[in-house]
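**Student:** Encoded as structure tokens, here's the structure I'll be asking about.
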Amino acid sequence: MVVHPQFLRGRAGATARNAEMSAHSASDAAACRLLRDGIMQALTVATAMSRDVLAVAPDTSLATAARLFATRRISGAPVIDPDGRPRGVVTQTDLVDPDRDRTDREGISLYYRVTPDGAEPQGDRTVSEDGVVADVMSPYVFAIGAEAPLVEAIRTMVTESVHRLLVEEGGKLVGIVTSMDVLRALSTWSRTGDGRSLVEALSG
């Protein structure tokens, strides 16, 4: 069999081009990893969190909590004391769970609006109805700091199978970050410095 020199040169050129393409691919992958890591380190919980939060009290009536969830289209709320310290979380599921023990205590039509200025009482303390949030709420609080990396919040949500984390500062509620907040934050950072989409960067 006769091998022409042109074939050898062509084959050598193709091999060189393949090697160059592999080197570029490896370089691009490394750049994507650096970009991804840099972005995820730059994003903090403060980037995604909501600072205007609706919360309830342990003695808020179940009916008040249910109305709050329905009118504001939210699926849960932190439970705080008058000083703004978290005491638990209550969700729609908690309100309708028939297996939750309920006392005969009367709750009040009180909830809070938590802003950077503090916890502002809303509603009417003089109106009372059967059942209190304390009877059905979860007393376990998953909390995180505002300056923590957002990836830490994501890991906690995945590990603990929760959709929201309370954001605390000095033991007081200053905000909340939910799985939807995380998605919004990633969407906001939808373009990176080199023009690629954030999804492309994170998938590298």
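None of the figures in this text is laboratory data; all of them are computed from the coordinates on show. Keep in mind that what you see is a predicted model, and the values were worked out from it rather than measured. So basically every Cβ, Gly included, is an ideal-geometry build from the backbone, and we count neighbours across all protein chains shown.
**Student:** For the stretch 46-188, give the magnitude of the charge dipole about the Cα centre (Cβ charges: +1 Lys/Arg, -1 Asp/Glu; no others), in debye to the nearest 20.
**Tutor:** About 440 debye.
**Student:** May I ask you to list the trypsin sites (Lys or Arg not before Pro) in the stretch 103-178 that are in a DSSP loop and have at most 16 other Cβ atoms within 10 Å of their Cβ? Don't jump to the answer; show the numbers that get you there.
**Tutor:** Working: sites: ARG105, ARG113, ARG125, ARG155, ARG164, LYS172; in loops: ARG105.
Qualifying residues, ordered by number: ARG105.
**Student:** What GluC sites (Glu not before Pro) does the stretch 102-170 have in DSSP loop regions with at most 11 other beta carbons within 10 Å? Let's see the in-between values first.
**Tutor:** Numbers: sites: GLU106, GLU129, GLU147, GLU152, GLU160, GLU168, GLU169; in loops: GLU147.
Within the stretch 102-170, the qualifying GluC sites (Glu not before Pro) (loop, at most 11 other Cβ atoms within 10 Å) are GLU147.
**Student:** Same structure, new question: Given R₀ = 25 Å, what would the calculated FRET efficiency be for THR115 paired with ASP81, taking r from the Cβ atoms and rounding to 0.05?
**Tutor:** Working: r = 17 Å, r/R0 = 0.68.
That gives a FRET efficiency of 0.90.
**Student:** Using each residue's phi in the stretch 105-122, evaluate 6.51 cos²θ - 1.76 cosθ + 1.60 at θ = phi - 60° and report the 3J(HN,Hα) Karplus result to the nearest Hz, with x for Gly and Pro.
**Tutor:** With the stated coefficients, the stretch 105-122 comes to 5, 9, x, 10, 7, 10, 8, 10, 10, 9, 10, x, 7, x, 9, 9, x, 10 Hz.
**Student:** Still on this model: Can you list the HN-Hα couplings for the stretch 73-83, worked out from phi with the Karplus curve (6.51, -1.76, 1.60; θ = phi - 60°), rounded to whole Hz and with x for Gly and Pro?
**Tutor:** Result, ordered by residue: 6, 10, 9, x, 7, x, 10, 10, 8, x, 8 Hz.
**Student:** Write out the chymotrypsin sites (Phe, Trp or Tyr not before Pro) in the stretch 55-149 meeting two conditions: DSSP loop, and at most 13 other Cβ atoms within 10 Å of their Cβ.
**Tutor:** Numbers: sites: PHE69, TYR111, TYR112, TYR140, PHE142; in loops: TYR140, PHE142.
Answer by residue number: TYR140.
**Student:** I would also like to ask the following. Can you work out ³J(HN,Hα) from phi for every residue in the stretch 163-169, in order, using Karplus 6.51 cos²θ - 1.76 cosθ + 1.60 and θ = phi - 60°, giving whole Hz and x for Gly and Pro?
**Tutor:** 9, 8, 10, 7, 9, 10, 8
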